[in-house]
Amino acid sequence: MRYLITGGAGFIGSHLTEYLLGLGHEVTVLDDLSTGSRANLPAAGTETGLRFVEGDVCDPGTVDTAMEGVDAVFHLAAAVGVFTILDKTLSSLRTNLTGTETALEAARRHGTPILVASTSEVYGKNTKDGLREDDDRIVGSPLLNRWSYAEAKALDETFAYLYSAELGLSTVIVRLFNTVGPRQTGRYGMVVPRFVEQALADEPITVFGDGQQSRCFCHVSDVVPALVALLADRSTHGTVYNLGSSEQVTITELAKRIISAAGSSSSIEMVPYEKAYGPGFEDMQRRIPDCGKARAAVGFAPSRTLDDIVAAVIAERREASDNALSG
Ligand code: UDP
């Protein structure tokens, strides 16, 4: 098979690329390297089966050319991370809306099935235990910068749904719940790599808010095969699937676990939201998925625990700093 992965040099995209290449498929990665990195990917060439195109997912000509001869598309390119969304709200909104419409339109022209990556953020402040795909969205004012990400992704979902329902394109949508693992950077705000880096440096762990907010973190290696299976199975198309773990942890507990697993002497520093993100920030208190639909469709059942994830990220960061010292 020949796949196109938009955003393939990013955290999830690069794991997906590696997985597909490992199965003997050919992969074209389209990435503008705004938050992704070439270093996340193997060398391009006929031996590896990887083709790398540096370009903008909002540019119709670039996307159209990258999609030529491709059997299926993973559209992962997006502006990601709470810091990115708050710092560059307008350009993030454009990337996340125009990029998806451009990818869908090219897929329609080529008649290529496409998976569109969405996010658990679309549920907003709905704190239900076990969010299902048809549950209501509870979001704040569209004038609060954070919600622009949820709004853009929700519209992306509607676009993908309508390209399927009205235009007959094979589309499938996934809502990712805090996907984490090796190679994820903390630069854009993601909590696990930030805490691990702070712990390894014995610096204070910055817990935002009261630390009682919780998340379910899912290992990227559990998510990636499910993305491939959902796109491969035509019976899943035209609808949306949650993908995440059901193991819930508060952010303070996460900090403690990371300090302990790293053998760190870090303290915990409570940082008010306003100081961390600026005025008017609203956080989600909890976000727990019900992944029964993906389980029934493709047998989705994450096997890595939070402790496995923390150990893997610590090991990766230690190896990276050892390599930097010896190199
Ligand atoms: N968070 C934190 N310290 C940090 C970074 C994040 O306490 O240095 C918190 C953040 O406020 C949120 C949770 O960790 O409550 C998860 O943040 P992340 O940005 O990783 O994911 P999301 O908020 O999108 O679920």
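Computed from the coordinates by the stated procedures, all read-outs in this text should not be read as laboratory data. Computed from a predicted model, the values in this text were never measured in an experiment. Backbone-built Cβ (ideal geometry, glycine too); neighbour counts: all protein chains shown.
See the values below:
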{"item": "ARG183 being among the basic types (Lys, Arg), surrounded by fewer than 22 Cβ atoms within 10 Å (Cβ to Cβ) and within 12 Å of the ligand (Cβ to nearest atom)", "result": "no"}
{"item": "Test: residue in the range 61-75 that is surrounded by fewer than 20 Cβ atoms within 10 Å (Cβ to Cβ) and within 16 Å of the ligand (Cβ to nearest atom)", "result": "no"}
{"item": "Residue in the range 47-63 that is within 17 Å of the chain's Cα centre (by Cα) and within 23 Å of ARG215 (Cα to Cα) present", "result": "no"}
{"item": "Counted residues, the range 90-107 - those being surrounded by fewer than 16 Cβ atoms within 10 Å (Cβ to Cβ) and either within 15 Å of the ligand (Cβ to nearest atom) or not hydroxyl-bearing (Ser, Thr, Tyr) (or both)", "result": "2"}
{"item": "Selection count, the range 104-155, where residues are polar (S, T, N, Q) and over 16 Å from VAL174 (Cα atoms)", "result": "6"}
{"item": "Total residues in the range 275-308, condition in a helix (DSSP H, G or I) and touching a Cys at 6+ places or on another chain (Cβ under 8 Å)", "result": "0"}
{"item": "Listing of strands (runs of 3 or more DSSP E) fully contained in the range 133-247 that carry 3 or more residues being in contact with a helix residue (DSSP H, G or I) (Cβ under 7 Å, 6 or more places away or on another chain), among the aliphatic types (A, V, I, L, M) and within 19 Å of PRO289 (Cβ to Cβ)", "result": "171-176"}
{"item": "Some residue of the range 19-30 being of a type outside the set (A, V, I, L, M, F, W, C), surrounded by fewer than 24 Cβ atoms within 10 Å (Cβ to Cβ) and free of Cβ contacts under 8 Å to residues at least 24 places away in the same chain", "result": "yes"}
{"item": "All positions within the range 203-249 that are charged (D, E, K, R), buried (at least 19 other Cβ atoms within 10 Å of the Cβ) and away from the ligand (no atom under 16 Å from the Cβ)", "result": "ASP222"}
{"item": "Residue in the range 281-295 that is over 16 Å from VAL192 (Cα atoms), exposed (fewer than 13 other Cβ atoms within 10 Å of the Cβ) and more than 12 Å from the ligand (Cβ to nearest atom) present", "result": "no"}
{"item": "Hits in the range 117-139 (condition: of a type outside the set (S, T, N, Q) and in contact with a strand residue (DSSP E or B) (Cβ under 7 Å, 6 or more places away or on another chain))", "result": "ALA117, VAL122, TYR123, GLY124, LYS125, ASP129, GLY130, LEU131, GLU133, ARG137, ILE138, VAL139"}
{"item": "Cβ pairs under 6 Å, 6+ apart, first in the range 201-216 and free of Cβ contacts under 8 Å to residues at least 60 places away in the same chain, second within 6 Å of the ligand (Cβ to nearest atom) and outside any loop (DSSP other than H, G, I, E, B)", "result": "GLY211/ILE251"}
{"item": "Matching residues, the range 144-170, being hydrophobic (A, V, I, L, M, F, W, C) and under 20 Å from LYS125 (Cβ atoms)", "result": "LEU144, TRP147, ALA150, ALA152, ALA154, LEU155"}
{"item": "Residue in the range 165-176 that is surrounded by 22 or more Cβ atoms within 10 Å (Cβ to Cβ) and over 30 Å from GLU105 (Cβ atoms) present", "result": "no"}
{"item": "Pairs with Cβ under 6 Å, 6+ apart, first in the range 246-259 and within 15 Å of PHE177 (Cα to Cα) and among the hydrophobic types (A, V, I, L, M, F, W, C), second away from the ligand (no atom under 12 Å from the Cβ) and in a helix (DSSP H, G or I)", "result": "VAL249/LEU306"}
{"item": "Positions within the range 141-176 being without any contact (Cβ under 8 Å) to a residue 12 or more places away in the chain and more than 12 Å from GLU101 (Cα to Cα), in sequence order", "result": "SER141, PRO142, LEU143, GLU166, GLY168"}
{"item": "Within the range 116-126, tally of residues that are within 13 Å of the ligand (Cβ to nearest atom) and not in a strand (DSSP E or B)", "result": "5"}
